[in-house]
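Accompanying notes for the structure given below.
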Amino acid sequence: ERELVAKLKKAWADSGGKSLSTKDTADIVARVVFDLKKEKGKLKVINKIFFEKASRLGVAQSLNELEGLTGEQLVAAVKPIERSAAIRRALQTSSQKIGKVAETVQRQVSEQLAAGLESGEGLGDLTKRVRGVMKASRARAQSIARTQVSGAVSTGRHAGMKAAGVELKGWLSSRDSNVRTAHKQAEADYADGVALDQPFMVGGEALMYPGDPNGSAAMIINCRCLQIAVRARGKNLTLGYYERVKLISHAECEAMFREAA
């Protein structure tokens, strides 16, 4: 936000700040929004890094909780899965969504600046417009970031479950007042499980797992649900099984990979 405001102030000063022509207006908008276009590329790179780390964690969790793998054995089992086509496709979908978020911010800043300049507003009012857009986008960005990371972990868990021979999967919600009605219903609907390669039908949407990047914002934003195994290689698993499982943390996962390097 500070960089955008500084850019706006410089563009305003360079244009003379008074009696702006249509060309001056267009030039100020273009110069301010140009930085946002560069940010789109940075956001995609950042998203890729975090998606890869989070999906790795998801794979490790599944293989540990279902096959008991740890240490170097777990690292060796995770590596080919985290590079799988399914995870790459999910990353691509995630990156596309991040790109659209950046484009939305670009459009909003551009529209607000253009409207303010055309109305003859001064630098103070224009700055307020930019800050208003960025404040709203920050809150949305934080929510999206949480969703992207959670979805990446779920993507990895799904891939790990496939490798671990899971036949039936279930949907487990956080079971508190913030859980969506559709997600509570999904937990009930799939208590007996559904085939791993079949989607959950949740609120009319087909989701392969909680936080599926292909889901709509309304269905996946801030989702804290978890995909669990109901039957794996002929063995039935209950919630009691998962109550005894301690999920591997991100720090533990990264430590294992460092030690194996």
So what J values fall out for the stretch 66-81 if you push phi through Karplus, 6.51 cos²θ - 1.76 cosθ + 1.60 with θ = phi - 60°, rounded to Hz, Gly and Pro as x? 9, 10, x, 6, 9, x, 5, 4, 5, 4, 5, 6, 6, 3, x, 6
On full extension of the chain, what length is gained from ALA139 through SER249, given 0.36 nm per residue of separation minus the C-alpha to C-alpha distance? 37.0 nm
What residues have an amide H closer than 5 Å to that of VAL230, excluding those fewer than 5 places away on the same chain, when H is modeled at 1.01 Å from N in the peptide plane? LEU168, LYS169, GLY170
Where does the chain land at 222 nm, in deg cm²/dmol rounded to the nearest 500, when only DSSP H runs of n ≥ 4 count, each adding -39500 (n - 2.57), divided by all residues? -23000 deg cm²/dmol
On alpha carbon coordinates alone, what is the Rg over Rh value for the stretch 110-163, Rh being the Kirkwood radius? 1.41
Based only on Cα atoms, what mean projected area does the convex hull of the stretch 49-157 have, in nm²? 7.9
Please compute the modelled spin-label separation between ALA30 and GLN185, points set 7 Å along Cα→Cβ, answer in nm with one decimal. 5.1
Applying the gyration tensor rule to the Cα atoms of the stretch 208-261 (axes a ≥ b ≥ c; rounded if a/c under 1.5, else prolate if a/b exceeds b/c, else oblate), the class is oblate
Determine the distance separating the Cα centre of the stretch 219-246 from the Cα centre of the stretch 49-123; give it in Å without decimals. 23
Between LYS44 and PHE257, what is 0.36 nm times their sequence separation minus the Cα-Cα distance? Round to one decimal in nm. 74.3 nm
5 Å is the cut-off here: which amide hydrogens, built 1.01 Å from N in the peptide plane, fall below it relative to THR70, excluding neighbours closer than 5 in sequence? none
Under the Kirkwood approximation for Rh and a Cα-based Rg, what ratio Rg/Rh is obtained for the chain? 1.12
Compute the label zone of ASN222 within the stretch 93-135: residues whose backbone N is under 14 Å from the point 7 Å along Cα-to-Cβ. none
Cross-link pairs beyond the 32 Å C-alpha cut-off, checked among LYS135/LYS246; LYS9/LYS44; LYS79/LYS169: LYS135/LYS246
Averaged per residue, the 1.4 Å probe accessible area of the chain, protein heavy atoms only, in Å², is roughly 53
Using the Karplus equation 6.51 cos²θ - 1.76 cosθ + 1.60 (θ = phi - 60°), what ³J(HN,Hα) coupling, rounded to whole Hz, does each residue of the stretch 116-127 give in order, writing x for Gly and Pro? x, 5, 5, 8, x, 5, x, 4, x, 5, 5, 4
Over the stretch 106-261, what is the relative contact order in percent, taking alpha-carbon pairs closer than 8 angstrom and at least six residues apart? 24
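The values are calculated or read from the model by the stated rules, or taken from the named source; none is laboratory data. Not measured: the values here are computed from a predicted model. Neighbour counts are summed over all protein chains in view; Cβ atoms, including those assigned to glycine, are modelled from backbone coordinates with ideal geometry. What goes into the accessible areas is simple: the full protein's heavy atoms, side chains included, and nothing from ligands, DNA or RNA. Shrake-Rupley method; radii C 1.70, N 1.55, O 1.52, S 1.80 Å.
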